[in-house]
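The values are calculated or read from the model by the stated rules, or taken from the named source; none is laboratory data. Fair warning: this is a prediction, and the values are worked out from it, not measured in the lab. Here Cβ is always computed from backbone atoms with ideal geometry, including for glycine, and neighbour counts include all displayed protein chains. For accessibility, only protein heavy atoms count, side chains too; no ligands or nucleic acids. Shrake-Rupley method; radii C 1.70, N 1.55, O 1.52, S 1.80 Å.
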Amino acid sequence: MYLLSRVALLLGVILLIAAAVLLGKDVIDINQLHAVANANRSTNFPSPLNNVLITVGLAAAGGLLAGLGLRRPERPRPDTEAGRP
């Protein structure tokens, strides 16, 4: 159980870092789109909507896994016998 907890924590932190990097990229893309709109030009910039949705999904999954990894796993009580609580 401890190994699963550590793996979930590590995966959650990695996903949170990936989400932060993608969010930074999305901010740059949105700023470029805003600059193009203000300049009243029609150039072909891709929509950052898909990247924003991927970022939100990664952040949610990363937060969930990090939270599960930080939760203290329960240890079995040594005074209980098999079959009796």
request  = Scan region 1-24 residue by residue and report those that are surrounded by 12 or more Cβ atoms within 10 Å (Cβ to Cβ) and small (G, A, S).
outcome  = S5, A8, G12, A18, A19, A20
Failed condition for G62, given (1) open to solvent by less than 100 Å² (accessible area, probe 1.4 Å); (2) touching a helix residue (DSSP H, G or I) at 6+ places or on another chain (Cβ under 8 Å); (3) of a type outside the set (D, E, K, R); (4) modelled with pLDDT under 85 = (4)
note = Of (1) surrounded by 10 or more Cβ atoms within 10 Å (Cβ to Cβ); (2) of a type in the set (S, T, N, Q); (3) at pLDDT below 80, T55 fails just (3)
